[in-house]
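The structure appears right after this line, and notes come after that.
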Amino acid sequence: MRPRSSLGFVLFCWIFGDVVAYNPWGFPRGDPSPWAWVDVSQLQAAAPLHPVAVQCQEAQMVVTVHRDLFGTGRLVRAAELTLGSAACLPVAQSAAEGTVTFVAGLHECGSTLQVTPDALVYSTSLNYKPVPAGNPVIIRTSPAVVPIECHYPRRYNVSSDGVKPTWVPFRSTLSSEEKLPFSLRLMNDDWSAERLSTIFQLGEVLHFQAGVNTENHVPLRLFVDNCVATTTPDKSSSLQYPFIDFSGCLVDGQLDDATSTFISPRPRPDVLQFAVDAFKFAGDSSNLIYVICHLKVSMADQAPDPLNKACSFNKASNLWAPVEGTWDVCSCCEMRSCGLARHSRRLHAPSRWQGGRARRELPSQFGGCLHKVGPTQGRGIVCVAGAGSGHNHLLISPPQMQVTCGWHWGWLQLLVWSC
């Protein structure tokens, strides 16, 4: 009688084609290489050699079977061995080594896939079904099924030339659904803090500070594309006054009764400050003014251009002057055309040259007060427009809509009181 012994569970691990016996209780689970699990308990093999060896490759598994399957010296026939529920036949056999070899794709021969938190597990089986030889009434070996699994760790770099993530340079970094919090605030006269008092009188100056939080980002430079004062929250209000226009031209400062200007130099590239003389709409009885500002950013190392600039009118020199960059970036402010169809939503914007401008009350009249009654809306999603682009901007409404590229609208609600 042949000796009977149970081999239990035997696992094999292949790394770059090398066959290594596996101890199921000592396998380092952190190893990123694929590994195989084979259960030969049904074979009850007496031989010390493993009768079934499995190699888990990138897209296929290679199963090598010793024909002395039970370790008794009796060789099984290759035709009695199949792989998987599809009963795939061996592709090669070696008479010298007494082995047969199966090669099957991971999804072939009826294999199944199981996804675990740590690995992709492809399962199949080696099937031995003896055929009566000589006398069809008897067989001398028992059928056997050898379960086989190939484990592929999910946390594994399969790239032949992996890219290390970096924020610099910006053009080589892909950011998905990146959120940039914007802000638009009224500041006190020395810009040291947000203004606590909400009362303004005509003749005073409104100090605006626009900003963007660039934490965990490449350095960015903030611009105010346009700011419009309206009598309703609707950007298409029929009565409105754009005091910043044409991609960053502070046009209000060009008027005779105004000293409005961008503050230069900036405190930081991601902050832009500007001062605007208080005004009210002439003949309007609602006393309510909404200030809507359109904010955008560019890379900090990108030179200002006609689409990304902050320009004030210098009355002493009668020229437009930029906060940074060369003077020629502001030349389009005088021509009132800066190379891109503007996104401000004015329909009947008053014009200085047409004489229909929203009238600023003279300081000597001191006939009104401005009162801030609403919060700033200071968050949105944008993408940085690269040099020479400027055509890939998209309005965001409402704020925090997840888009790849966009602009940001911030608004302040002001109330004009008759004192």
Next on the checklist: If I filter the stretch 284-301 for residues that are buried (at least 19 other Cβ atoms within 10 Å of the Cβ), modelled with pLDDT under 95, in the same structural domain as Leu184 (by TED's automatic domain parsing) and among the hydroxyl-bearing types (Ser, Thr, Tyr), do I get at least one hit?
Outcome noted: yes
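Here are some residues: Val205, Val218. Which one is touching a helix residue (DSSP H, G or I) at 6+ places or on another chain (Cβ under 7 Å), surrounded by fewer than 18 Cβ atoms within 10 Å (Cβ to Cβ) and either modelled with pLDDT under 95 or not in a strand (DSSP E or B) (or both)?
Working: Val205 fails: touching a helix residue (DSSP H, G or I) at 6+ places or on another chain (Cβ under 7 Å).
Only one candidate qualifies: Val218.
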Next on the checklist: Out of Pro136, Pro130, Pro117, I need the residue that is in contact with a Ser or Thr (Cβ under 6 Å, 6 or more places away or on another chain), assigned by TED's automatic domain parsing to the domain that holds Ala53, within 30 Å of Ser41 (Cβ to Cβ) and modelled with pLDDT under 90. Which one?
Outcome noted: Pro130
Checklist entry - Here are some residues: Ala86, Ala36, Ala92. Which one is at negative phi and in contact with a Gly (Cβ under 7 Å, 6 or more places away or on another chain)? => result Ala86
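Conditions tested, residue by residue: (1) at pLDDT 90 or above; (2) part of a strand (DSSP E or B); (3) surrounded by 15 or more Cβ atoms within 10 Å (Cβ to Cβ); (4) of a type in the set (A, V, I, L, M).
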{"site": "Gly73", "(1), (2), (3), (4)": "no, no, no, no"}
{"site": "Val76", "(1), (2), (3), (4)": "no, no, yes, yes"}
{"site": "Pro90", "(1), (2), (3), (4)": "yes, no, yes, no"}
{"site": "Cys109", "(1), (2), (3), (4)": "yes, no, yes, no"}
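Considering every residue within the stretch 67-84, establish whether at least one is farther than 16 Å from Pro147 by Cα, assigned by TED's automatic domain parsing to the domain that holds Val131, under 44 Å from the mean Cα position of the chain (by Cα) and not aromatic (Phe, Trp, Tyr).
Taking the stretch 67-84 first, the residues farther than 16 Å from Pro147 by Cα are 67-68, 71-80.
Still in the running and assigned by TED's automatic domain parsing to the domain that holds Val131: 67-68, 71-80.
In the following step, the residues that additionally are under 44 Å from the mean Cα position of the chain (by Cα) were identified as none.
Within the stretch 67-84, not a single residue is farther than 16 Å from Pro147 by Cα, assigned by TED's automatic domain parsing to the domain that holds Val131, under 44 Å from the mean Cα position of the chain (by Cα) and not aromatic (Phe, Trp, Tyr).
Tell me, which strands (runs of 3 or more DSSP E) wholly within the stretch 234-346 include 3 or more residues that are farther than 24 Å from Val218 by Cα and touching a residue at least 12 places away in the same chain (Cβ under 8 Å)?
Numbers: elements: 240-244, 271-277, 288-299, 311-314, 319-322.
Because the criterion is at least 3 residues that are farther than 24 Å from Val218 by Cα and touching a residue at least 12 places away in the same chain (Cβ under 8 Å), the strands (runs of 3 or more DSSP E) in the stretch 234-346 that meet it are 240-244, 271-277, 288-299, 311-314.
The values are calculated or read from the model by the stated rules, or taken from the named source; none is laboratory data. The shown structure was predicted, so the numbers you read here are calculated from the model rather than taken from an experiment. Every residue, glycine as well, gets a Cβ built from its backbone with ideal geometry; the counts of neighbours run over all protein chains shown.
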